[in-house]
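The values are calculated or read from the model by the stated rules, or taken from the named source; none is laboratory data. Because the structure is predicted, anything quoted here is derived from the model rather than measured. FYI the Cβ positions are ideal-geometry reconstructions off the backbone, even for glycines, and counts take in every protein chain you see. The area values use the complete protein model at the heavy-atom level, side chains included, leaving out ligands, DNA and RNA. Shrake-Rupley method; radii C 1.70, N 1.55, O 1.52, S 1.80 Å.
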Protein chains: 2
Amino acid sequence: MKISRLGEFGLIEKIRKMTSQRSSSVIAGIGDDAAVLKVSASASLLATTDMLIEGVHFDLAYIDYYSLGWKSAAVNLSDIAAMGGVPRFCLSSLCIPHTLTVEQIADFYRGFNAMLRAHRTTLVGGDTCSSRLGFVVSVTVLGEIRKELVLTRGGAKPGDKIFVTGALGDSAAGLEVLKNRVTRSGKKVVTEAAKRLIEKHLRPIPRVTWGRKIALSQGAHAMIDISDGLSSDLGHICEQSHVGALISAEKIPLSPSLQIAAPYLDAAPLDYVLSGGEDYELLFTAPLEKVRKLRSLGIPLYEIGEITRTRTMLTVDGRGKKSPLSARGYDHFLNMSENK
Amino acid sequence: MKISRLGEFGLIEKIRKMTSQRSSSVIAGIGDDAAVLKVSASASLLATTDMLIEGVHFDLAYIDYYSLGWKSAAVNLSDIAAMGGVPRFCLSSLCIPHTLTVEQIADFYRGFNAMLRAHRTTLVGGDTCSSRLGFVVSVTVLGEIRKELVLTRGGAKPGDKIFVTGALGDSAAGLEVLKNRVTRSGKKVVTEAAKRLIEKHLRPIPRVTWGRKIALSQGAHAMIDISDGLSSDLGHICEQSHVGALISAEKIPLSPSLQIAAPYLDAAPLDYVLSGGEDYELLFTAPLEKVRKLRSLGIPLYEIGEITRTRTMLTVDGRGKKSPLSARGYDHFLNMSENK
């Protein structure tokens, strides 16, 4: 069977079923932002890994080595943030084409290290090898959390308010700007706004401190980071919590930069928000009685909707018109289907 | 500067220097088989990662998906074994070309899981993505060990006896057999011996239980697994322990299979031993007074030489003739130098 018939999440589910083993040490395994592992009586270990592949996740025509290093660390730190944990250690594996220079690898690690240091995370090991294929980066980050603070994707409850920690869609719009600038010589969108969108794409900021504060407040029920796009990541929460969601489209925060650049872009802002991904803001749900406490944390919080008992995802526009919202973030294997 | 001027270990050293951060939680960082991390008062965490790339580490013309899965897990478990630890958890990232079928991925995970289950290690997470480049596997294994039992590469002392836990060279000879059989139609070496060499190459057995017993005995000073070839891996022990070594060439254990197949192979058995790698036997050093205790553990032990104060590596043949032994295992970046 072609993998494209299963899709990425179908494949992950198949792997999960094939490899499932009961272990009292695994508090949460495959299917969340990070695994939660019991390593001592008091502390739980968080473990997450992400691979970035040239030609799939990045194009060296659009990203410099410093930013690539930065981003490789950031996307993994963001997974620890999404659990509410504290990142501690990091392992990096690089598969390097022979065309790269030592200086380029050094730039990569300068960016990588800047991100790690900002979050007090120590590089403790890894692997290096030569590649005939392209540049491949695989990063693992280990973190810590007290078991009772863990925020999985599975805890959302009907009536919960849905929050995001910042403007969405900038990263995907930034990539669009980069591509347009590079590939379409007649349409150079190089305004300040466009520069900020590019910056959001190349140098995402993982919300580690905010995720930690949200977890410590014990005010949220479920949390995820927005890596695949709002529709897809909200879909993970709904699926794993066995709930639905109603999103007010006009409450979704858009940055001034995205609004300014919008006329020059191929898609509408909401398309970048819903299916673009790579924003790395946090998405979480919380019951009404905890909202005041959460608002006191000093974190930007945007309420964008509500968790529903009916297991569908809907958006509602300013005139009250509801439309179905299907999870349509990037799926690695559906995207490679020839039928699409 | 071209990476080939630094070589793999020069590059790792550069990365280590660039990223070094003092942290009281890092007992051993970059430069050993696994990092040793303090996560609670009593237990240390071991963390290791290895990437396997199509066209670099494996060729799908020679290896089936089940064996590839098996081997991807085994090489990481072997790194935990080399520290004396107990493997616990595993993360796997797969970058999958769209030509692969669901059945092939399932075969991969059947092999992967068989190896994990044999060592009571649980798959707890990972990443999957599509590849336009080739098949890429990245595995991280986490293990546990009491801090005082950790066996690094850096503890060897002059006068220590050098041991290996089994016959060397089989895996590299097995790959040679596979290549010959596939690429040279006139020379089909398909004897039972050749089959066993192939088996050693495709389905290596990590010495987890033995590594653990050696660590628990507190009889050894330094340990490593043989992944790059005896010369290279012994070289790591010598370098990090600031010592040299004298190896008796005729004491190196060779399997009956390798001896039987030797006349059909391109290189001499000792070449496969010294620079072939992928045997995944353990190499360790121990003081004379601990040898009896180690021999009582019920592990195959072959004494092959002695650690010396003089910081050179030498081999001595049956007639007492000494020759310099240079580390000449596989170096990813020296091997891609055009000058070689």
Query raised in the report: In segment B:131-151, what count of residues is obtained for those that are more than 11 Å from chain A (Cβ to nearest Cβ), in a strand (DSSP E or B) and hydrophobic (A, V, I, L, M, F, W, C)?
Result: 1
Query - Odd one out for residue B:24, checked against (1) farther than 23 Å from residue B:77 by Cβ; (2) facing chain A (nearest Cβ under 9 Å); (3) surrounded by fewer than 22 Cβ atoms within 10 Å (Cβ to Cβ) - result: (2)
Query raised in the report: Of the residues that make up segment A:224-247, is at least one modelled with pLDDT under 90 and within 14 Å of chain B (Cβ to nearest Cβ)?
Result: no
**Report entry** Pairs, first closer than 15 Å to residue A:301 by Cβ in segment A:216-232, second surrounded by fewer than 21 Cβ atoms within 10 Å (Cβ to Cβ) and of a type in the set (D, E, K, R), C-beta under 7 Å, six or more apart
**Finding:** A:217/A:293; A:219/A:290; A:219/A:293; A:221/A:157
Query raised in the report: Only one of (1) touching a residue at least 12 places away in the same chain (Cβ under 8 Å); (2) within 13 Å of chain A (Cβ to nearest Cβ); (3) of a type outside the set (A, V, I, L, M); (4) assigned to a loop (DSSP other than H, G, I, E, B) is not met by residue B:62, so which one is it?
Result: (2)
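Just wondering, is there one or more residues in segment B:109-124 that are in a strand (DSSP E or B) and not aliphatic (A, V, I, L, M)?
yes
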Report task. Any chance you could count how many residues in segment A:87-130 are among the hydrophobic types (A, V, I, L, M, F, W, C), more than 8 Å from every other protein chain (Cβ to nearest Cβ) and surrounded by fewer than 20 Cβ atoms within 10 Å (Cβ to Cβ)? Result -> 2
Report summary line: Checked segment B:28-43 for anything under 19 Å from residue B:154 (Cα atoms) and modelled with pLDDT under 85; matches are B:28, B:29, B:30, B:31
Query raised in the report: What residue, among those in segment B:27-48 that are of a type in the set (S, T, N, Q) and open to solvent by 10 Å² or more (accessible area, probe 1.4 Å), is farthest from residue B:223 (Cα to Cα)?
Result: B:40
Query - Counted residues, segment B:27-59 - those being part of a strand (DSSP E or B) and either closer than 24 Å to residue B:233 by Cβ or within 8 Å of chain A (Cβ to nearest Cβ) (or both) - result: 18
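Take residue A:74 and tell me if it is more than 7 Å from chain B (Cβ to nearest Cβ), part of a helix (DSSP H, G or I) and either basic (Lys, Arg) or over 26 Å from residue B:132 (Cα atoms) (or both).
Values: more than 7 Å from chain B (Cβ to nearest Cβ): yes; part of a helix (DSSP H, G or I): yes; either basic (Lys, Arg) or over 26 Å from residue B:132 (Cα atoms) (or both): no.
For residue A:74, the condition - more than 7 Å from chain B (Cβ to nearest Cβ), part of a helix (DSSP H, G or I) and either basic (Lys, Arg) or over 26 Å from residue B:132 (Cα atoms) (or both) - is not met.
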Query - Residues located in segment B:131-172, provided they are touching a Cys at 6+ places or on another chain (Cβ under 8 Å) and open to solvent by 30 Å² or more (accessible area, probe 1.4 Å) - result: B:133
Query - Those residues of segment A:61-86 which are touching a Gly at 6+ places or on another chain (Cβ under 9 Å), small (Gly, Ala, Ser) and surrounded by 24 or more Cβ atoms within 10 Å (Cβ to Cβ), in sequence order - result: A:69, A:72, A:73, A:78, A:81, A:82, A:84, A:85
Report task. Taking residue B:53 as the residue in question, decide whether it is touching a residue at least 40 places away in the same chain (Cβ under 8 Å) and open to solvent by 10 Å² or more (accessible area, probe 1.4 Å). Result -> no
Query - Residue that is under 21 Å from residue B:34 (Cα atoms) and acidic (Asp, Glu), where the choices are A:160, A:127 - result: A:127
Report summary line: Output for Cβ contacts, cut-off 9 Å, separation at least six or different chains, first residue more than 9 Å from chain A (Cβ to nearest Cβ) in segment B:1-17, second open to solvent by 90 Å² or more (accessible area, probe 1.4 Å) and aliphatic (A, V, I, L, M), reads none
Query raised in the report: Out of curiosity, is residue B:67 in contact with a helix residue (DSSP H, G or I) (Cβ under 7 Å, 6 or more places away or on another chain), more than 17 Å from residue B:125 (Cβ to Cβ), part of a strand (DSSP E or B) and more than 7 Å from chain A (Cβ to nearest Cβ)?
Result: no
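Return yes or no: is residue B:96 touching a strand residue (DSSP E or B) at 6+ places or on another chain (Cβ under 9 Å) and in a helix (DSSP H, G or I)? Can you show your working first?
Numbers: touching a strand residue (DSSP E or B) at 6+ places or on another chain (Cβ under 9 Å): yes; in a helix (DSSP H, G or I): no.
Taking the combined requirement at face value, the residue does not satisfy it.
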